[in-house]
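The values are calculated or read from the model by the stated rules, or taken from the named source; none is laboratory data. Here the structure is a predicted model, which means the values were calculated and not measured. Every residue, glycine among them, receives a Cβ derived from its backbone with ideal geometry; neighbour counts consider all protein chains shown. The area values use the complete protein model at the heavy-atom level, side chains included, leaving out ligands, DNA and RNA. Shrake-Rupley method; radii C 1.70, N 1.55, O 1.52, S 1.80 Å.
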Amino acid sequence: MQQHTGQHLITAVADNTYGYATTSWNLGERICSIELDTPTITDDVVEELENAVNQLILDGLLVTPTLYESNGHQDLKTVRTRGLPDDHVGPVRVVTIENLESNMCCGTHLSTLSHLQMIKLLGVEKGKKSKCNLLFVAGTRVRQYLRKCVKNEKALTTILKGGPDQHEQLADKLQKSLRVAQKSALMMSRDLALLEAERFIIAIHSNGSRLLSLHRKDGDAEFMNIIANEVTAKNSDAVVFLTVGDEKGSGLFLLAGPEKVVSAVGNSVCSVLEGKGMIKHGKFQGKATKMKMRAEAEALVKSNLQ
């Protein structure tokens, strides 16, 4: 009842003060939302609206239901409504917030706004075309929401090693450090891929090896493609079988080399690894769900080189 009555109150003040009509609302499990017929609402207006509804809660206005025997009653002409069906017959129920508004509604409501305790507006999200969603919590949900915020605040204080006033600054600093670290890791991964390719090319010249088979747990698709491109560009007869990801779980695989070999064994390798993939730009690439079968897949590739 708190959330529903809160919605009535917010709807009335938003419409009466700012001309924002309510087109629908949602009673969420934790947070409610009201769809307003306006593209957006400024932060200043949200603050003003929150102050206004909480002042009315402090005023303790009465909330009174009235049952009219038919929809032709004179008082119904001033009631907020989305309209009744043309074939409606029988009584009409109206809920009135003292000195504020009357609204057709068949739901349950508090008997006074003071029972709402308070309302907290949580911000605005983009809604359907030319509309926005105003998020809110009312009554006991305000305490529940605050309790969760305090819990998260304490957790962030521990993680970021700084108080709430520093959270934004510390999180921003951490993100910047992470971006620098990710960029460095990417450059090193590319360098490592080139070194692996060069190492294999040297092996080709020294012992006549034709197959490069390599697995790297922390690699990615780019790592595999750099190696494959380098090796096949310098030795068109070489075959490259690469995998990345969890050795006992899922990951990615790549098979590159002469078209005859890739076409002959690609689907079989994909099947052994219980994956999905396709030939693209001369390489068979895909996702594997059974990386523990890698040795069997490698054996298939080797059998086609004999």
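Per-structure values
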item: Segments classed as strands (runs of 3 or more DSSP E), wholly inside the stretch 89-161, with at least 1 members that are exposed (fewer than 15 other Cβ atoms within 10 Å of the Cβ); result: 92-97, 119-126
item: Residue selected from the stretch 205-222 under the condition part of a helix (DSSP H, G or I) and within 29 Å of the chain's Cα centre (by Cα), by the criterion nearest to VAL301 (Cα to Cα); result: ALA221
item: Subset of the stretch 97-140 [more than 20 Å from LEU58 (Cα to Cα) and hydroxyl-bearing (Ser, Thr, Tyr)]; result: THR108, SER130
item: Lone unmet requirement of (1) touching a Ser or Thr at 6+ places or on another chain (Cβ under 8 Å); (2) more than 26 Å from GLU296 (Cα to Cα) for VAL180; result: (1)
item: Filter pass, GLN166 being open to solvent by 80 Å² or more (accessible area, probe 1.4 Å) and either within 22 Å of the chain's Cα centre (by Cα) or at negative phi (or both); result: yes
item: Qualifying residue in the stretch 272-285 (condition: at pLDDT 90 or above and assigned to a helix (DSSP H, G or I)); result: yes
item: Scope the stretch 232-253; condition within 37 Å of the chain's Cα centre (by Cα), among the hydroxyl-bearing types (Ser, Thr, Tyr) and surrounded by fewer than 23 Cβ atoms within 10 Å (Cβ to Cβ); matching residues; result: SER250
item: Filter pass, ILE202 being open to solvent by 50 Å² or more (accessible area, probe 1.4 Å), in a helix (DSSP H, G or I), out of contact with any Cys (no Cβ under 6 Å at 6 or more places or on another chain) and under 28 Å from MET188 (Cα atoms); result: yes
